[in-house]
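The block underneath contains the structure these notes are about, expressed in structure tokens.
The values are calculated or read from the model by the stated rules, or taken from the named source; none is laboratory data. For clarity, every value in this text was computed on a predicted model and none was experimentally measured. So basically every Cβ, Gly included, is an ideal-geometry build from the backbone, and we count neighbours across all protein chains shown. Surface accessibility is based on the protein's heavy atoms, side chains included, excluding ligands, DNA and RNA. Shrake-Rupley method; radii C 1.70, N 1.55, O 1.52, S 1.80 Å.
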Amino acid sequence: IVRFDKVHKSFGSNQILKGVSFEITQGQVVALIGRSGSGKSTALRCINGLETINGGELHVCGRAMHQPGVDLHGLRKDVGIVFQSYNLFPHLTVEENITLAPRKVNGIGAQEARETAADVLRKVGLLDKAAAYPEQLSGGQQQRVAIARSLAMKPKLMLFDEVTSALDPELTGEVLKVIEKLAADGMTMVLVTHEMAFARNVADQIMFMHHGIVWESGGGEMLGQPSTAELNQFVSSGL
Ligand code: ATP
Ligand code: MG
């Protein structure tokens, strides 16, 4: 569903991705880990076309992202992204936040959009908050609404960029649980995370990014027995 093939990305003369290659198949959960500045967010943003790549090939849901004229509109229906900041509309209720894009972008009718909103709110355990405004919710609940809003577009692939980093530790668990549930439901996902225990539990594949490439990759057990000194150092530094 996603294939990075020697992907390069620079900002000016600053080379961030220097030949990133990896593949994500349908239903897989992939965790991207690595030091701050190693290019995890950049790689994620390339997947949904927020950044264009400078070299190599990148295929996402059947689209060749390295070629001109990518249908970004179609791409973003297929690929949902959730960031650290939830960016809910403060003046809209939870339900209105969720039904907005399906109605405006996908042209779904009001009734169907409301049914979808109920479905996705149930998935994140917040059906009872449909009429609430974002400010009435905790950070963890707002982030779960942001996830629900993304799910309402019925994406084929979900991207999560450190969705728990802005949350107090006691609110992190409820968001991670939602992601675990999505994984169990077979959703294809890419997670950028600093939660190593979580990455180990939920991810089928872990990619350790270092010096602009995937330095080491493997299953959860890789974190317990790194093959490279660099991953070993990263894991033991507890970042
Ligand atoms: P973190 O763990 O801190 O989120 P990251 O691995 O997600 O780090 P990126 O956000 O991908 O790292 O950034 C990688 C590098 O690219 C950084 O040095 C950053 O300053 C640079 N960078 C990212 N976006 C831009 C941009 N739009 N313009 C210029 N430089 C950028
Ligand atoms: Mg980042």
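Could you tell me whether any residue of the stretch 66-80 is in contact with a helix residue (DSSP H, G or I) (Cβ under 8 Å, 6 or more places away or on another chain), more than 16 Å from ligand 2 (Cβ to nearest atom) and more than 19 Å from Leu151 (Cβ to Cβ)?
No: zero hits.
Residues Pro155, Pro226: which one is open to solvent by 20 Å² or more (accessible area, probe 1.4 Å), away from ligand 1 (no atom under 16 Å from the Cβ) and assigned to a loop (DSSP other than H, G, I, E, B)?
Result: Pro226 is the single residue among Pro155, Pro226 that is open to solvent by 20 Å² or more (accessible area, probe 1.4 Å), away from ligand 1 (no atom under 16 Å from the Cβ) and assigned to a loop (DSSP other than H, G, I, E, B).
When you scan the stretch 2-15, how many residues do you find that are surrounded by fewer than 19 Cβ atoms within 10 Å (Cβ to Cβ) and touching a residue at least 60 places away in the same chain (Cβ under 8 Å)?
1
Taking the condition closer than 12 Å to Leu159 by Cβ, in a strand (DSSP E or B) and within 13 Å of ligand 2 (Cβ to nearest atom), does Leu32 pass?
In short, yes.
For the stretch 56-107, which residues satisfy the criterion of being open to solvent by less than 20 Å² (accessible area, probe 1.4 Å) and more than 18 Å from Val120 (Cα to Cα)?
Across the stretch 56-107, the qualifying residues are Leu58, Val60, Gly74, Leu75.
Filter the stretch 198-223 down to the residues that are among the charged types (D, E, K, R) and not in a helix (DSSP H, G or I), then identify the one that is nearest to Gln15 (Cα to Cα).
The qualifying residue nearest to Gln15 (Cα to Cα) is Glu216.
Does the stretch 38-55 hold any residues that are within 9 Å of ligand 2 (Cβ to nearest atom) and either within 16 Å of Lys6 (Cβ to Cβ) or modelled with pLDDT under 95 (or both), and which are they?
Across the stretch 38-55, the qualifying residues are Gly39, Thr42.
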